[in-house]
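Undergrad: Here it is, the structure in full.
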Amino acid sequence: MKSIADLKRGQKATIVDISAETIPLKLLEMGCLPGNEVEVIKMAQIKDPLYLNINDTHLAIRKETAKAVLVKILED
Amino acid sequence: MRQINVALVGNPNTGKTSVFNALTGLNQKVGNYPGITVEKKEGVAKISRTLKAHILDLPGTYSLNASSLDENVVVELLLNKNDKDYPDVVVVVSDIENLKRNLLVFTQLKDLGLPCILAINMADRMDRKGISIDILKLEERLKTKVALVSARKNTGFDQLKELISSYKQLSPESCCDASVIDKQYFHELKDTFPNQNIYKLWLVITQDANFGNLDRKDVELKKNQALKTKSISELKRLQQKEIIVRYTFINDTLKLALKKDINAAKGLRASFDRILMHRVWGYVIFAFILLLIFQVIYEWSAVPMDFIDESFASLSEWLKSTLPDGQFTRLIAEGIIPGIGGIVIFIPQIAFLFLFISILEETGYMSRVVFLTDRIMKKFGLSGKSIVPLVSGTACAIPAVMASRNIENWKERLITILVIPFTTCSARLPVYLIIIALVIPDETFLGLFNYQGLVLLLLYFIGFGMAVFSAWLLHKVMKTSRKTYFVIEMPNYKLPIPKNVLITVVDKTKSFVFGAGKIILAISIILWVLASYGPNEKFSQAEDFVKQEVKSQNLDLSQEELETKISSYKLRHSFIGYMGKGIEPVVQPLGYDWKIGIAVISSFAAREVFVGTLATIYSVGSENEDTIKERMSKEVNPVIGGKMFNLASGISLLLFYAFAMQCMSTLAVVKRETNTWKWPMLQLVLMTGFAYIVSLIAYQLLK
């Protein structure tokens, strides 16, 4: 299974699962929920942090958090 | 006139403060919530001819599930009906573009049974963003009233006020029932506590899983087993489910009520991001902005600062010549007026720095800075936002400490505040320059680098290095009960609203003058008293003693020379003079005598006072730097002979001033920002202790 940390720049994916134990509730509140679409807009060196668009919200998270959000890559 | 409580709730960065400013104008005050360091912004607004509102701008929050001290303030207030600030009506503020996210907290508030109004800000930009809203549909689905406002254009506020004044007609019904996540459990809760709002119970129960220290005076939860049937991970899963339920409702609502033309302006963010967050240019631009800020608070501020300095000096002169001579006049002219001057002098730097910071925040650029610098800064336990305070600390620690307020994470904010005083501020410069000139040869190294310049540069590096190193150390030592997460929003780029910028600048300046200013004034008066009074007749009759001495030595002095000799004699026999002698055994191992001891004590008022005090002690009349330097170079060490200011004692002094917490104003402002004396005292003890040890080692090795 791939996580957000595996995405390339500009790639879109659908969030499949999140581990509620390791992910801050705040991220869920900002729209990082199963079924929503995520796109990597930018990433800093060594992919940390990552600049994402999730459900029309633009936010940045660290790589360690990105690894805990599992996704299914959308082919386009 | 009747008065009601209104609370503003909403996500961070969604124009909540703009709406607050538009409602209250300058009629607001900023303080702290009791016992904690969360900023409390409140103001008064006239709602109608018969109604006034006390408006509380609550800290930005994404939900009622608190995960930080700031968010906890919101939850505690909204759960406690007995709080004097408990709102009669809540206004949820959202930008048009962030509506979806702000509705999350809105639906939670509705579940608490609070009367809620939805204020949608930036309504003037709807057309440009290609957004249209069906207000009636939205009001029907959310069971509320909606006001479209624009803080920028100052429109829609009459309607908002009208809605506030008729708050009693708002529906108390919830719009999205959360109990569906576990019907049976919620049913049990209802049975156990028939008189309580169920959602309130749920929030109290889950706060234990989230935050852990919710104060629940109002909710009489006797340690009932009925509540403890769920484990923390079960609760977390249920919370996750709750958020999904709420978002499903919100998405359905917006599908019905909001139309968005996807083709409309989207490129602005992307093109700004491309430049400002570029892997190379992003850093170049940021460095340039830092340089500009530094230049402004270092150079531009000098003009008004000199003016303030001179004005207060002439005011004090004028008072001395106008008022009848006496204790009281001297207290005013030499103690209080210079003390107030010592506060006012910081205003230009504070105002300029916050002008820049609020523009950077308002435009949305600050979040990009955090993105760019996070990877480097997190290694030292700092935030990307720590860079601005640290760099501006090179001009002055006072505004820099205040600037750390913008760091959301408490641990990162505290570490930043604690290490700022290590950076080489401009007040150290006069001390450095005169000592370097005295003890470092004015020669070049490899025919290229001037030794004096190199030492100065080295001192800057030592200061910054020490700040970073101690940040890393604190990061390792300080324990936090909860893991800190990094989730930041990247807001849209916006033009700053001048009114918001102005209010920030005025607020910060006011909070410095009336917060830290009191402490600075008190300490400077104490220092003045210690230097202006002595325990015995050698002080009170200094004139006679000096005249006798002059006579017996057959010296021929001009009136001016005599006067400087008297003031030098007075200072030696003042309380501070005796204190200097008292600490001589302590400072001797560092290579100082009691005269330097006096200068070190009195420079606690401000580091640059060191030079002036030495001038008085050595009875060099004018403050002309060359004369002081000449006199200092002639000073002989009374114990071991030879020059008092040699390489060993000079380096020892330089290191002492580099590391010691020699600034009462910084301590005062740290007290004000951390809301306790614990941290400034820790700074004082650790930094000065460290400075002492380093100077001791340096002197003993070099002598």
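Readers should treat all values here as calculations from the given coordinates under stated rules, not as data from a laboratory. A quick note: this is a predicted structure, and the numbers were derived from the prediction, not measured. Glycine also receives a Cβ, built like all others from the backbone with ideal geometry; neighbour counts cover every protein chain displayed.
Undergrad: From other protein chains only, count the Cβ atoms within 10 Å of every residue's Cβ in B:368-374, then give the mean.
TA: Mean shielding count: 3.
Undergrad: Follow-up. Exposure proxy check: B:Arg405, B:Arg428, B:Arg237, B:Arg128 ranked by fewest other beta carbons within 10 Å?
TA: Fewest to most other Cβ atoms nearby, the residues stand as B:Arg128, B:Arg237, B:Arg405, B:Arg428.
Undergrad: With +1 assigned to the C-beta of every Lys and Arg and -1 to the C-beta of every Asp and Glu, and no other charges, what is the dipole magnitude of the range A:2-73 about the Cα centre in debye, to the nearest 20?
TA: 340 debye
Undergrad: Take B:Leu457 and B:Ser132, extend 7 Å from each Cα along the Cα→Cβ direction, and tell me the distance between the two endpoints in nm.
TA: About 6.5 nm separates the two model spin labels.
Undergrad: Where does each of B:189-196, B:678-685 land if you order them by average Cβ count within 10 Å, highest first?
TA: Ranked from most to least packed, the peptides come out as B:678-685, B:189-196.
Undergrad: Could you list, in their original order, any pairs among B:Lys84/B:Lys168; A:Lys42/B:Lys110; B:Lys129/B:Lys385 whose Cα atoms are separated by more than 26 Å?
TA: Check vs 26 Å cut-off fails for A:Lys42/B:Lys110; B:Lys129/B:Lys385.
Undergrad: Find how much the distance from B:Thr50 to B:Tyr533 grows on full extension, using 0.36 nm per residue of separation minus their present alpha carbon separation; answer in nm with one decimal.
TA: So the extension gain works out to 168.0 nm.
Undergrad: In peptide B:65-73, how many Cβ atoms from other protein chains are near each Cβ within 10 Å, on average?
TA: 1
Undergrad: Moving on to the next point. May I ask you to evaluate 6.51 cos²θ - 1.76 cosθ + 1.60, the Karplus curve with θ = phi - 60°, for each residue of the range B:594-606 and list the ³J(HN,Hα) values in order in whole Hz, giving x for glycine and proline?
TA: 5, 5, 5, x, 4, 4, 5, 4, 6, 6, 5, 5, 5
Undergrad: Calculate the spin-label point distance for B:Thr322 paired with B:Asp306, positioning each point 7 Å from the Cα along the beta-carbon direction, and give it in nanometres.
TA: Between B:Asp306 and B:Thr322, the label points sit 2.6 nm apart.
Undergrad: On to the next question. Per residue of A:58-64, what is the mean number of Cβ atoms on other protein chains within 10 angstrom of that residue's Cβ?
TA: Numbers: counts 10, 7, 12, 4, 7, 1, 2.
That works out to 6 on average.
Undergrad: Now, a different point. So what's chain B giving for Rg/Rh, alpha carbon basis, Kirkwood Rh from the mean inverse pair distance? Present the calculation step by step, with values, prior to reporting the outcome.
TA: On the way: Rg = 30.7 Å, Rh = 29.0 Å.
So for chain B, dividing Rg by the Kirkwood Rh gives 1.06.
Undergrad: Among B:Ser132, B:Gln159, B:Val74, which residue has its Cα furthest toward the positive end of the charge dipole of the protein assembly as shown, with +1 on Lys/Arg Cβ and -1 on Asp/Glu Cβ?
TA: Most positive-ward Cα: B:Ser132.
Undergrad: A follow-up question, please. Which residues among the range B:584-617 fall inside the zone where the amide N is under 12 Å from a point 7 Å beyond the Cα of B:Thr688, along Cα→Cβ?
TA: B:600-605
Undergrad: With the alpha-carbon atoms as the only input, what is the per residue convex hull volume for the range B:313-414 in Å³? Mind showing how you got there, number by number?
TA: Working: hull volume 11.8 nm³, N = 102.
Roughly 116 Å³ of hull volume per residue.
Undergrad: For the range A:2-73, compute Rh as the Kirkwood radius over C-alpha pairs and then the Stokes-Einstein diffusion coefficient at 25 °C and 0.890 mPa s; write the answer in µm²/s, rounded to an integer.
TA: 212 µm²/s
Undergrad: Another question, then. In debye to the nearest 20, how big a dipole does the protein assembly as shown give about its Cα centre with +1 on each Lys and Arg Cβ and -1 on each Asp and Glu Cβ? Can you show the working numbers first?
TA: Values: 92 positive and 77 negative charges, 479 e Å.
Dipole magnitude for the protein assembly as shown comes out near 2300 debye.
Undergrad: Right, next: Quick one: which residues, 5+ away or cross-chain, put their amide H under 5 Å from the amide H of B:Ile4? H built at 1.01 Å from N.
TA: B:Lys52, B:Ala53, B:His54
Undergrad: Toward the positive end of the charge dipole of the protein assembly as shown, about the Cα centre and with charges on Cβ (Lys, Arg +1; Asp, Glu -1), which of B:Ile47, B:Gln662, B:Met579 goes farthest?
TA: So the residue furthest toward the plus end is B:Ile47.
Undergrad: Here's a follow-up. Just need the relative contact order of chain B here, percent rounded to a whole number, with Cα pairs under 8 Å and 6+ apart.
TA: 10 percent
Undergrad: Under a straight-distance cross-link criterion of Cα-Cα below 27 Å, which lysines are reachable from B:Lys703, leaving out those fewer than 8 residues away in the same chain?
TA: B:Lys581, B:Lys595, B:Lys629, B:Lys634, B:Lys643
Undergrad: Principal axes first, then extents: for the Cα atoms of the range B:1-264, list largest minus smallest coordinate on each axis, whole Å, largest first.
TA: 54, 43, 32
Undergrad: Express in % the proportion of alpha carbon pairs of the range B:381-520 at distances exceeding 22 Å. Kindly include the intermediate steps, with their values, before the conclusion.
TA: Numbers: 5295 of 9730 pairs.
Percent of Cα pairs beyond 22 Å in the range B:381-520: 54.
Undergrad: Using the basic label-point model (7 angstrom from Cα toward the beta carbon), what is the B:Ala270 to B:Glu608 distance in nanometres?
TA: Rounded to a tenth, the inter-label distance reads 5.2 nm.
Undergrad: So which aspartates and glutamates can B:Lys479 reach, going by Cα to Cα under 17 Å and dropping same-chain residues fewer than 8 places off?
TA: Qualifying aspartates and glutamates at Cα under 17 Å: B:Glu412.
Undergrad: What does the charge dipole of the range B:417-526 about its Cα centre add up to, to the nearest 20 debye, if the Cβ of each Lys and Arg holds +1 and the Cβ of each Asp and Glu holds -1? Write down the numbers at each step before the final one.
TA: Numbers: 10 positive and 4 negative charges, 159 e Å.
About 760 debye.
Undergrad: Another question, then. Expressed as a rounded percentage, what relative contact order does the range B:73-171 have, with Cα pairs under 8 Å and six or more residues apart?
TA: 25 percent
Undergrad: Can I ask one more? Could you derive backbone 3J(HN,Hα) for the range B:4-19 from the dihedral phi with the Karplus parameters 6.51, -1.76 and 1.60 (θ = phi - 60°), listing whole Hz in sequence and x where the residue is Gly or Pro?
TA: 10, 9, 10, 10, 9, 10, x, 5, x, 6, 10, x, 4, 5, 4, 5
Undergrad: Could I ask something else about it? On a full-extension model of 0.36 nm per residue, what is the gain between B:Asn450 and B:Asn32, subtracting their alpha-carbon distance, rounded to one decimal in nm?
TA: Stretched out fully, the B:Asn450 to B:Asn32 stretch lengthens by 145.5 nm.
Undergrad: In whole Å, what are the extents of the range B:1-138 along the principal axes defined by its C-alpha atoms, from largest to smallest?
TA: Principal axes ranked by extent give 45, 39, 27 Å for the Cα atoms.
Undergrad: Still on this structure: Using the number of other C-beta atoms within 10 angstrom as an exposure proxy, rank B:His278, B:His573 with the fewest first. Walk me through the numbers before you get to the answer.
TA: Details: B:His278 14, B:His573 21.
Starting with the residue having the fewest Cβ neighbours, the order is B:His278, B:His573.
Undergrad: Take the alpha-carbon positions of the range B:32-80, form their convex hull, and give its projected area averaged over all directions (one quarter of the hull surface) in nm².
TA: Spelled out: convex hull of the Cα atoms, projected over all directions, averaged, 4.2 nm².
Undergrad: Now for a separate question. Mind listing the phi-derived Karplus ³J(HN,Hα) values for the range B:451-467, rounded to whole Hz, using 6.51, -1.76 and 1.60 with θ = phi - 60°, and x for any glycine or proline?
TA: Calculated HN-Hα couplings, in order: 4, 4, x, 4, 5, 4, 4, 4, 5, 4, 5, 4, x, 5, x, 5, 4 Hz.
Undergrad: Between B:Ser231 and B:Ile697, what is the FRET efficiency for a Förster distance of 60 Å, r being their Cβ-Cβ separation, to the nearest 0.05?
TA: So, using R0 = 60 Å, E works out to roughly 0.60.
Undergrad: Among B:Gln452, B:Pro194, B:Thr613, whose Cα sits farthest toward the positive end of the charge dipole of chain B (+1 at Cβ of Lys/Arg, -1 at Cβ of Asp/Glu, about the Cα centre)?
TA: Of the options given, the answer is B:Pro194.
Undergrad: In percent, what relative contact order does the range B:369-429 have, based on Cα pairs under 8 Å that are 6 or more apart in sequence?
TA: Here the relative contact order equals 33 percent.
Undergrad: Distance cut-off 23 Å, Cα to Cα: go down the list A:Lys12/A:Lys67; A:Lys47/B:Lys100; A:Lys12/B:Lys260; B:Lys411/B:Lys518 and report the pairs above it.
TA: Working: A:Lys12/A:Lys67 16 Å; A:Lys47/B:Lys100 28 Å; A:Lys12/B:Lys260 21 Å; B:Lys411/B:Lys518 27 Å.
The pairs that break the limit, which is 23 Å between Cα atoms, are A:Lys47/B:Lys100; B:Lys411/B:Lys518.
Undergrad: Suppose the Debye formula is applied to equal point scatterers at every Cα of the protein assembly as shown; what is log10 I(q)/I(0) at q = 0.05, 0.08, 0.09 Å⁻¹?
TA: Here the Debye-derived log intensity ratios amount to -0.33, -0.77, -0.91.
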